[in-house]
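The values are calculated or read from the model by the stated rules, or taken from the named source; none is laboratory data. What you see is a predicted model, and the numbers here were worked out from it, not measured in a lab. Using ideal geometry, Cβ is built from the backbone for each residue, glycine included, and neighbour counts are taken over all protein chains shown. To get the accessible areas, we keep the full protein, side chains included, count just its heavy atoms, and leave off ligands, DNA and RNA. Shrake-Rupley method; radii C 1.70, N 1.55, O 1.52, S 1.80 Å.
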Amino acid sequence: MPRRNGWVASLLVLAATITMAQTPSRALLVLEKNDKTMAIVESGTWKIIGRVPAGEDPHEIVVSDDAAYAYISNYGAFQTPQHTISVVDLAAQKALPAVDLGSLRAPHGLQWANGKVYFTAEGSKVIGRYDPATHKVDWTLGVGQNRTHMLIVSKDENRIFTANVNSDSISILDRDKNADVSGWIETVIPVGKGPEGFDVSPDGKELWAANSHDGTVSIINLVSRKVEQTIDVHTRRANRVKFTPDGKLVLISDLETGDLVILDAVGRKEIKRLNLGHGVAGILITPELAFVAVSTDNQVAIIDLKTLSVTGRIATGKGPDGMALAISHGGIASR
């Protein structure tokens with residue numbers, strides 16, 4: 001019997017080793033909102049190799065620089081506002097205890113910056129920052145706008161942009177030694193109706209905000225901090241906006257029509273419109289490919305950025321939306 005037990009134990013260790021080896025060094029992470037899960041997709045084969053619980057109403061996802069952990073916002077604004085950020089160990093493919101944000105409600109937009117997780121707390125009209133090293137929210141700042149949904153943080157963490165959907169505005173927050181005790185100065189820029197998805201150009205000179213309620217895009221000159229141009233892109237419910245890394249193209253998803261609108265960023269005009277299905281939402285960009293969540297159809301479309309054509313589809317669970325890439329050397333990092 002002892003010999004048999006040892007043999008079984010060896011098999012279990014081997015099985016665990018095989019499972020760990022199947023975790024790719026380059027993985028696409030897809031939130032399946034309606035299933036409350038995160039799918040791990042192997043790059044290249046685009047096959048789902050694992051799933052992990054992602055908490056209530058998971059919306060956005062970011063990954064640590066070492067690809068060890070994923071952080072997921074649990075939103076719930078249209079049902080029961082949540083107050084957690086879910087954490088996933090990517091090597092073990094398991095959920096860790098969630099970060100409790102206390103009174104900060106409806107976290108949504110996320111960005112990983114210099115070892116910390118920045119987030120919007122839409123239900124509390126603030127933005128905040130979570131430090132994984134101390135397991136604490138170490139900073140918050142009131143924005144004072146309605147439905148602060150998404151954010152972008154500069155590399156030096158001295159400037160933060162937010163989209164404020166119900167205030168029809170974009171906020172620019174600057175760290176400033178001459179500010180009040182908060183240390184920050186806020187510039188609020190009026191745009192079109194319902195700005196939700198937005199992005200900053202790779203050269204840092206422009207911000208493009210897609211206005212979900214009026215079918216336009218507001219282009220903000222970040223030097224003058226004024227809307228330089230408003231483009232009618234004929235969307236019905238624009239959801240996300242992404243520049244390509246070279247700054248030449250801008251992609252906009254339309255939840256209602258199922259279109260992906262592709263614009264020439266220099267000429268500021270539409271060059272192609274792809275109908276991808278139903279409920280087109282989250283966009284993830286690499287230098288060669290764009291991944292676009294087609295939420296209602298339970299799939300992610302893969303777009304070749306050279307040909308601007310659909311080259312594949314990834315079948316997912318229910319309601320794919322937020323996505324991230326986890327890239328490590330020699331396999332997903334573990335601690």
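Yes or no: Lys306 over 19 Å from Val30 (Cα atoms), assigned to a strand (DSSP E or B) and open to solvent by 30 Å² or more (accessible area, probe 1.4 Å)? No, not satisfied.
Can Ser43 be described as farther than 29 Å from Ile185 by Cβ, surrounded by fewer than 21 Cβ atoms within 10 Å (Cβ to Cβ) and under 16 Å from the mean Cα position of the chain (by Cα)? In short, no. Scanning the stretch 253-290 for residues that are part of a loop (DSSP other than H, G, I, E, B) and either polar (S, T, N, Q) or in contact (Cβ under 8 Å) with a residue 24 or more places away in the chain (or both) yields Leu255, Thr257, Gly258, Ala265, Arg268, Leu276, Gly277, Gly279, Thr286, Pro287.
Hey, can you tell me all the residues within the stretch 60-82 that are more than 18 Å from Ala326 (Cβ to Cβ) and either in a loop (DSSP other than H, G, I, E, B) or open to solvent by 10 Å² or more (accessible area, probe 1.4 Å) (or both)?
Within the stretch 60-82, Tyr75, Gly76, Ala77, Phe78, Gln79, Thr80, Pro81, Gln82 meet the criteria.
Look at the stretch 92-107: where a residue is more than 12 Å from Pro132 (Cα to Cα) and a partner is open to solvent by less than 60 Å² (accessible area, probe 1.4 Å) and of a type in the set (Ser, Thr, Tyr), sitting 6+ places away or on another chain with Cβ atoms under 6 Å, you get Asp100/Thr84; Leu104/Ser124; Arg105/Ser124; Ala106/Tyr75; Pro107/Ser73. Looking at Arg240, is it touching a Leu at 6+ places or on another chain (Cβ under 9 Å), assigned to a loop (DSSP other than H, G, I, E, B), farther than 16 Å from Val266 by Cα and of a type in the set (Lys, Arg)? Spelling it out, it is not the case that Arg240 is touching a Leu at 6+ places or on another chain (Cβ under 9 Å), assigned to a loop (DSSP other than H, G, I, E, B), farther than 16 Å from Val266 by Cα and of a type in the set (Lys, Arg). Being under 11 Å from Leu29 (Cβ atoms), open to solvent by less than 10 Å² (accessible area, probe 1.4 Å) and modelled with pLDDT of 95 or more is a description that does not apply to Ile85.
Residues in the stretch 149-196 that are buried (at least 21 other Cβ atoms within 10 Å of the Cβ), closer than 14 Å to Gln111 by Cα and not aliphatic (A, V, I, L, M): His149, Phe161, Thr162.
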